[in-house]
Amino acid sequence: MSTTQTRAGATRRPSTATRRQHRAAYLFVLPFFVVFVAMLVVPLVYSGYLSLFERRLIGGESFVGLANYLRAFGDPNFWGGLGRVATFLVVQVPIMLGLALFFALALDSGRARGSRSARLLIFMPYAVPAVIATLMWGYLYGPDFGPLAQIARAVGFGTPDFLSPQSILGSMMNIVTWEFVGYNMIIMYAALRAIPAELYEAAEIDGAGQFRTAWSIKIPAIRPAIILTVIFSVIGSFQLFNEPSLLNAVAPDAISNSFTPNYYAYNLAFINQELNYASAIAFLLGLVIAVVSYVVQLGEQRRERRERKGTA
Amino acid sequence: MTSLETRAIVTGRTPRGRRRPRPYTPQRRRSWLLTIVLWACVAYFLLPLWWLTVASTKDTSALFSSFGLWFAPEFSFFDNLADLFTTRGGLFSRWMLNTVLYAGVSAIGATLLAAMAGYAFAKYRFPGSSALFSITLGAIMIPLTALALPTYLLFSRAGLTDTPWSIIIPSLVSPFGVYLMRVYAADAIPDSLIEAARMDGAGEFRIFWQVGLRLMGPGLVTVFLFSLVGTWNNYFLPLIMLNSSELYPITVGLAQLQAAASAGGGSQAVFSTVITGSFVSILPLVIAFLFLQRYWQSGLGTGGVKG
């Protein structure tokens with residue numbers, strides 16, 4: 001653009017026009033960054049600060065350094081919750097994203113009838129609040145008048161208990177899958193639509209079939225979109241809160257107050273009044289999410305580089 | 001026919017000829033197997049919503065005595081509706097209004113902030129822009145969890161908890177929205193148009209308002225809808241911020257009704273109210289998505305997903 005040229009030409013003093021544009025640009029980003037700093041940066045710093053203190057009944061607040069973090073490292077409740085969300089991540093996310101990818105490819109191939117309506121209907125659950133989705137599935141899972149149990153009984157399978165301690169995590173995975181397959185599908189589908197037509201022509205000339213085209217052209221071409229959905233899912237899984245907190249009402253025995261780290265932090269802060277320890281848990285959880293998301297991206301970048309080298 | 005139409009809608013404009021719409025290839029035949037598998041899966045996604053629709057027409061005793069996926073002999077939808085809007089002095093309508101207010105105001109604000117910032121990142125080269133943009137991208141990864149608690153404490157010091165502001169202000173930040181708007185603006189607004197407007201003597205702000213915003217239409221709808229859903233569906237933030245039930249959004253209100261229903265031995269009638277309330281409360285968003293689909297889908301299709 002012309003601005004860069006002007007800057008290169010007169011390094012010492014940008015022209016008035018350029019300066020005016022810079023000023024305009026800063027004014028455009030300013031409102032966002034004011035709220036950004038106030039609502040993201042300040043709370044984050046404050047949370048880090050709080051996590052270094054401890055409040056005692058006698059003596060008030062005192063600086064304890066990393067004691068809260070040390071306590072978290074030795075806290076089986078924290079590890080238990082982290083283990084559950086890790087299981088969730090390893091089991092539910094591949095299923096959800098695999099389904100989303102399958103739907104996106106199926107819709108993109110144009111080989112199914114009514115694919116336009118199908119796309120909208122699969123996406124619809126995303127518009128349903130997690131609270132209502134959880135309430136709904138809570139009723140559907142119900143052993144008495146839940147239709148799933150009714151059907152199972154009618155077929156002669158007995159009454160399945162979706163809300164037992166053994167099956168509650170799986171039941172939760174089903175709820176989250178139901179809610180978010182469509183959202184991820186739309187992201188992948190939009191990316192598929194943006195693949196340039198030339199790539200397909202080349203593949204057609206080489207005689208590639210549907211599956212071959214999907215595997216060798218479509219999936220690699222939308223990898224950035226897939227990575228985006230992976231990162232969003234990592235963040236989402238670690239933050240699980242709505243589902244455990246609401247299912248707790250219908251399955252109190254199956255869900256402990258530390259079922260997920262987020263739910264644990266909430267209970268620590270608002271039930272136990274342990275704000276400082278809760279801050280430490282929330283901060284640690286944020287750190288875990290950042291690290292895992294970063295590793296996902298790093299793996300992707302490395303892979304991309306390797307492949308670029310391979311083709312060069 | 002439909003596939004051609006869809007393609008036109010989703011691919012939308014083809015900026016700078018980089019993305020050509022795919023030519024329709026006649027050898028692309030329909031597959032019955034794929035159709036059946038796909039629609040069987042659609043059934044899974046619809047089943048809970050079908051159940052909710054059916055259940056909202058039953059009174060509590062029919063809820064327990066009839067088959068869940070089909071209607072009961074008596075049709076109690078309107079009785080349920082009447083109950084819903086009179087329970088606790090009509091608190092439900094208050095919750096709906098609150099939700100519309102919180103979600104509407106936050107989504108408009110978030111979209112505007114994201115559009116301005118995204119436009120600036122796409123169309124100006126200014127010192128620090130790449131650093132600021134990287135920070136924004138990094139913020140997409142910050143979990144709400146780490147923020148909700150300290151935000152609550154800060155707000156409570158400022159006396160802002162238990163006010164609508166405690167929901168609206170935190171919902172104004174949408175780093176992903178900025179990212180989407182940047183990608184979208186880069187594609188949809190030609191530099192030459194901005195230059196031409198400058199030649200005509202238009203100020204930068206006027207160019208943004210009259211040229212930029214208009215061309216960013218579908219992108220704006222996308223960001224608006226996703227922020228709207230974000231705030232509409234939020235449960236955690238209002239749960240910790242609000243104490244007075246007149247200020248609750250629908251999510252917290254219904255969750256509280258449900259908790260009362262499952263806990264209370266005598267208050268069983270509330271089950272049908274909770275179910276009807278859930279049904280009524282999901283209608284606005286579902287309708288919004290149906291009506292605005294061509295805009296948000298083209299918004300995502302054009303810009304949303306480049307790496």
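The values are calculated or read from the model by the stated rules, or taken from the named source; none is laboratory data. Being a predicted model, the structure only gives us computed values, none of them experimental. Counting neighbours? That spans all protein chains shown, and the Cβs are built from the backbone with ideal geometry, glycine included.
If you check residue A:281 against the conditions, is it surrounded by 15 or more Cβ atoms within 10 Å (Cβ to Cβ), out of contact with any Asp or Glu (no Cβ under 6 Å at 6 or more places or on another chain), modelled with pLDDT of 90 or more and in the same structural domain as residue A:101 (by the TED database)? Don't jump to the end; show me each part of the working.
On the way: surrounded by 15 or more Cβ atoms within 10 Å (Cβ to Cβ): yes; out of contact with any Asp or Glu (no Cβ under 6 Å at 6 or more places or on another chain): yes; modelled with pLDDT of 90 or more: yes; in the same structural domain as residue A:101 (by the TED database): yes.
Yes; evaluated as a whole, the condition is true for this residue.
Taking only segment B:141-162 into account, find how many residues are free of Cβ contacts under 8 Å to residues at least 40 places away in the same chain and at positive phi.
1
Looking for whichever is more than 8 Å from chain A (Cβ to nearest Cβ), under 23 Å from residue B:96 (Cβ atoms) and not aromatic (Phe, Trp, Tyr) here; the options are B:227, B:262, B:278. Which one fits?
On the way: B:262 fails: more than 8 Å from chain A (Cβ to nearest Cβ); B:278 fails: more than 8 Å from chain A (Cβ to nearest Cβ).
Answer to the selection: B:227.
Does segment B:102-116 include one or more residues that are buried (at least 20 other Cβ atoms within 10 Å of the Cβ) and of a type in the set (Phe, Trp, Tyr)?
Taking every residue of segment B:102-116 in turn, at least one turns out to be buried (at least 20 other Cβ atoms within 10 Å of the Cβ) and of a type in the set (Phe, Trp, Tyr).
Just give me the residues in segment A:246-262 being surrounded by fewer than 24 Cβ atoms within 10 Å (Cβ to Cβ) and under 15 Å from residue A:84 (Cα atoms), in sequence order.
A:254, A:255, A:256, A:257, A:258, listed by residue number.
Only one residue in A:247, A:268 is without any contact (Cβ under 8 Å) to a residue 40 or more places away in the chain, more than 7 Å from every other protein chain (Cβ to nearest Cβ) and in a helix (DSSP H, G or I). Which one?
Details: A:247 fails: without any contact (Cβ under 8 Å) to a residue 40 or more places away in the chain.
Going through A:247, A:268 in turn, just one is without any contact (Cβ under 8 Å) to a residue 40 or more places away in the chain, more than 7 Å from every other protein chain (Cβ to nearest Cβ) and in a helix (DSSP H, G or I): A:268.
Is there a residue being over 30 Å from residue B:252 (Cα atoms), within 11 Å of chain B (Cβ to nearest Cβ), basic (Lys, Arg) and surrounded by fewer than 18 Cβ atoms within 10 Å (Cβ to Cβ) anywhere in segment A:216-237? Don't jump to the end; show me each part of the working.
Kept after step one, since they are over 30 Å from residue B:252 (Cα atoms), are these residues of segment A:216-237: A:216-227.
Then drop every residue that is not within 11 Å of chain B (Cβ to nearest Cβ), which leaves A:221-227.
Filter again for basic (Lys, Arg), leaving A:223.
Remaining after also requiring surrounded by fewer than 18 Cβ atoms within 10 Å (Cβ to Cβ): A:223.
Yes - at least one qualifying residue is present in segment A:216-237.
For residues in segment A:18-55 being charged (D, E, K, R) and surrounded by fewer than 19 Cβ atoms within 10 Å (Cβ to Cβ), which is modelled with the highest pLDDT? Before the answer, list the steps.
Here is the first cut: in segment A:18-55, the residues charged (D, E, K, R) are A:19-20, A:23, A:54-55.
Remaining after also requiring surrounded by fewer than 19 Cβ atoms within 10 Å (Cβ to Cβ): A:19-20, A:23, A:55.
Values: A:19: 87, A:20: 86, A:23: 91, A:55: 84.
By that ranking, first place goes to A:23.
Any idea which residue in segment A:250-265 is farthest from residue A:170 (Cα to Cα), counting only those that are at the interface with chain B (Cβ under 7 Å from one of its Cβ atoms) and of a type in the set (A, V, I, L, M, F, W, C)? Even if it seems obvious, please write down each step before you answer.
Residues of segment A:250-265 at the interface with chain B (Cβ under 7 Å from one of its Cβ atoms): A:250, A:262, A:265.
Subsequent filtering for residues that are of a type in the set (A, V, I, L, M, F, W, C) retains A:250, A:265.
Values: A:250: 15, A:265: 22 Å.
Out of the qualifying residues, it is A:265.
I'm told residue B:125 meets every condition in (1) within 9 Å of chain A (Cβ to nearest Cβ); (2) assigned to a helix (DSSP H, G or I) except one. Can you identify the failing condition by its number?
(2)
Identify, please: which residue in segment A:149-183 is of a type outside the set (Gly, Ala, Ser) and without any contact (Cβ under 8 Å) to a residue 12 or more places away in the chain and is, among those, nearest to residue A:103 (Cα to Cα)? Outline the logic, then answer.
Residues of segment A:149-183 that are of a type outside the set (Gly, Ala, Ser), as a first pass: A:150-151, A:153, A:155, A:157, A:159-163, A:165-166, A:168-169, A:172-181, A:183.
If we keep only those that are without any contact (Cβ under 8 Å) to a residue 12 or more places away in the chain too, we end up with A:150-151, A:153, A:155, A:157, A:166.
Numbers: A:150: 30, A:151: 27, A:153: 32, A:155: 30, A:157: 31, A:166: 30 Å.
For segment A:149-183, the residue satisfying everything is A:151.
Quickly run through segment A:188-222 and pick out the residues that are touching a Gly at 6+ places or on another chain (Cβ under 7 Å) and either of a type in the set (Gly, Ala, Ser) or more than 13 Å from residue A:107 (Cβ to Cβ) (or both).
First, pick out the residues of segment A:188-222 that are touching a Gly at 6+ places or on another chain (Cβ under 7 Å): A:190, A:193-194.
Within segment A:188-222, A:190, A:194 meet the criteria.
When the residues of segment A:208-231 are filtered to those that are without any contact (Cβ under 8 Å) to a residue 12 or more places away in the chain and assigned to a helix (DSSP H, G or I), which remaining residue is nearest to the chain's Cα centre (by Cα)? Outline the logic, then answer.
The initial filter retains those residues of segment A:208-231 that are without any contact (Cβ under 8 Å) to a residue 12 or more places away in the chain, namely A:208-209, A:211-212, A:215, A:220.
After this cut, where a residue has to be assigned to a helix (DSSP H, G or I) as well, the list is A:211-212, A:215, A:220.
On the way: A:211: 29, A:212: 30, A:215: 25, A:220: 21 Å.
Per the stated criteria, the residue is A:220.
For segment A:271-281, which residues satisfy the criterion of being over 16 Å from residue B:236 (Cβ atoms) and not in a helix (DSSP H, G or I)? Quick ask: steps written out before the conclusion?
Taking segment A:271-281 first, the residues over 16 Å from residue B:236 (Cβ atoms) are A:272-277, A:280.
Once the filter is applied, which keeps residues that are over 16 Å from residue B:236 (Cβ atoms) and not in a helix (DSSP H, G or I), segment A:271-281 yields A:272, A:273, A:274.
Each row is one residue, and each column tells you yes or no for (1) buried (at least 20 other Cβ atoms within 10 Å of the Cβ); (2) more than 30 Å from residue B:290 (Cβ to Cβ); (3) more than 7 Å from chain B (Cβ to nearest Cβ); (4) not polar (S, T, N, Q).
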position: A:79; (1), (2), (3), (4): no, yes, yes, yes
position: A:89; (1), (2), (3), (4): no, yes, yes, yes
position: A:93; (1), (2), (3), (4): yes, no, yes, yes
position: A:122; (1), (2), (3), (4): yes, no, no, yes
position: A:133; (1), (2), (3), (4): yes, no, yes, yes
position: A:150; (1), (2), (3), (4): no, yes, no, no
position: A:153; (1), (2), (3), (4): no, yes, yes, yes
position: A:167; (1), (2), (3), (4): no, yes, yes, no
